[in-house]
Amino acid sequence: MKDIIVPLSRASLSVLALAVLAGCSTPGTRPDAPAAASKPAATYAKVDWKVLPAVSDADLQAGFAAWRSSCTRLKNDAVWAQPCATAATVSDKDPAAIRQFLQRDLDVYALRAGGHQADGLITGYYEPIYPGSLTRTATATVPVYGTPDDLIVVQLDSLYPELKGKRLRGRLDGKVLKPYDDAGTIASKGSKAPVLAWLTDPMDLQLLQIQGSGRVRLADGTQVRLAYAEQNGHPYRAIGRWLVDQGELKKEDVTMDAIRAWAKAHPARVPELLRSNPSYVFFVRSADSPEGPRGSLNVPLTAGYSVAVDRSVVPLGSLLWLSTTRPDGSPVVRPVAAQDTGGAIAGEVRADLYWGSGDAAGKLAGDMKQKGNLWMLWPKGAPLPN
């Protein structure tokens, strides 16, 4: 996901005590997860279907198909099992049948932020493609690490159910679990981890970690896909915030293009910039395919129709109705599937729209910081998230 400055709310004492040791984040989330924060006080306001802004048949079909792909993971879910079973009988080529299914089986809830605000923030992310090599060369000198042999990961909810989805990360020093190395230490001293690939630019590695997945383009034109595997347990700190604090950029000017331009103009300060974010992400090689990268729900993301959400507000697998704009002001109104998460995606009316792979998607994602509205389409009769 792109570099967004997000304040953290106060965590519970039990989570803070654990976070001080090695940092907590949610398994399967994209890597920029900060220490666990308290759950937002979400507001779900039931509204009539007529409130939803109209969408084209093409967007309806594409959004429905993207959401229905989630059903491979939801077929045993108490909330979504029956709607998924019914959706399997609906043709994604028939807009009338899709509308009939949605209005018969789902209710509409407007998402509201504090003070019952309808407007929220919609950003974008993408799958980058960077030049590199499978072996170190004269130009490819930046390692992309797999999961380190000495990284210890503890699933906390085995003992504390209230910490469902939280993990503790660190390394053993004798019999004591201590925080794992931060990003600056890993960059300078290396890691006890396999090297999956080598990149040509340290900024490429940082942005690969921010996006959470990507591809390495080799000299022969073939590509290697990398997916998020683990994280070092340190909180994510936006490098854009560091540039703002240093007086190098204005907050409203922070985009991926602006960060790259600054790095190109100040190569000697790039290590300092990168050390400002102690979070470090480890990757895994994944099978290359024409499908999009897999999000936190472990289904391939669909360009333009998959979003990352705050899962404490919107459960993964949910169907949303999105109304926002592109950076050029053109409207984006469509159903989208909540199939991913990320640490910088926090709040009630908040989504990160996946735009696909490559430079064009990256430009769109990097510039996107738009106002928007969200509605959650929820199975009739099912209890709301709590």
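When A238, A227, A263, A268 are checked against the criterion of being exposed (fewer than 13 other Cβ atoms within 10 Å of the Cβ) and at negative phi, a single residue qualifies: A268. Among the criteria (1) open to solvent by less than 10 Å² (accessible area, probe 1.4 Å); (2) free of Cβ contacts under 8 Å to residues at least 60 places away in the same chain; (3) in a loop (DSSP other than H, G, I, E, B), the one L320 does not fulfil is (3). For the stretch 279-297, taking the residues that are modelled with pLDDT of 90 or more and either of a type in the set (G, A, S) or in a loop (DSSP other than H, G, I, E, B) (or both), the one that is nearest to T147 (Cα to Cα) is identified as Y280. Of the set (1) under 23 Å from D340 (Cα atoms); (2) under 20 Å from the mean Cα position of the chain (by Cα), all apply to A183 but (1). Of all residues in the stretch 369-386, none that is touching a residue at least 40 places away in the same chain (Cβ under 8 Å) has its Cβ atom under 7 Å from the Cβ atom of a residue that is loosely packed, with under 15 Cβ neighbours inside 10 Å and part of a strand (DSSP E or B), 6 or more apart or on another chain. Looking across the stretch 323-355, not a single residue is within 30 Å of P131 (Cα to Cα), in contact with a Ser or Thr (Cβ under 9 Å, 6 or more places away or on another chain) and surrounded by fewer than 18 Cβ atoms within 10 Å (Cβ to Cβ). Note on the stretch 82-145: enclosed strands (runs of 3 or more DSSP E) holding 2 or more residues that are open to solvent by 30 Å² or more (accessible area, probe 1.4 Å) and closer than 30 Å to A187 by Cα are 129-133. Can you find even one residue in the stretch 301-313 that is open to solvent by 50 Å² or more (accessible area, probe 1.4 Å) and acidic (D, E)? Checking the stretch 301-313: not a single residue is open to solvent by 50 Å² or more (accessible area, probe 1.4 Å) and acidic (D, E). When each of G170, G165, G214 is tested for being open to solvent by less than 20 Å² (accessible area, probe 1.4 Å), in contact with a Ser or Thr (Cβ under 6 Å, 6 or more places away or on another chain) and either at pLDDT below 95 or hydroxyl-bearing (S, T, Y) (or both), the lone residue that passes is G165. The criterion of being within 21 Å of V153 (Cα to Cα), modelled with pLDDT of 95 or more and of a type in the set (A, V, I, L, M) holds for V195.
The values are calculated or read from the model by the stated rules, or taken from the named source; none is laboratory data. Not measured: the values here are computed from a predicted model. With ideal geometry, Cβ positions are generated from the backbone for all residues, glycine too; neighbour counts draw on all protein chains shown. Ligands, DNA and RNA are excluded from the accessible area calculation, which covers all protein heavy atoms including side chains. Shrake-Rupley method; radii C 1.70, N 1.55, O 1.52, S 1.80 Å.
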